[in-house]
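Okay, structure first, notes after.
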Amino acid sequence: MTGPLHPEVMCGADAAPQAALPLASEGVQRFVWQMAHGQILIEIRDGFAYVNGVRVEPIAETLKRIDETPER
């Protein structure tokens, strides 16, 4: 990979000072968010967002698909 190396970011009320997963890697920006029920991993890869490894569809794509759906 030739992308920049992004720093790790820990967010949330009880974010641990160090994550078990190495967050810094080339071309990928990662955030670990501490929630009441546990941690979630947010990644930005090639301009797309992923939460716990699953790609998140941008709202613009969702709205476009809704607009293109023929009414019954």
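Whether a residue is surrounded by 12 or more Cβ atoms within 10 Å (Cβ to Cβ) and either at pLDDT below 80 or of a type in the set (Gly, Ala, Ser) (or both) was assessed, and GLY27 passes this test.
For ALA60, state whether it is more than 16 Å from the chain's Cα centre (by Cα) and either of a type in the set (Ser, Thr, Tyr) or modelled with pLDDT of 90 or more (or both). Taking the combined requirement at face value, the residue satisfies it. Report whether or not GLN34 is within 17 Å of the chain's Cα centre (by Cα), modelled with pLDDT of 85 or more and of a type in the set (S, T, N, Q). No.
The values are calculated or read from the model by the stated rules, or taken from the named source; none is laboratory data. All figures in this text were calculated on a predicted structure; none of them were measured in a lab. Cβ sites come from the backbone with ideal geometry, for glycine too, and all protein chains shown count toward neighbours.
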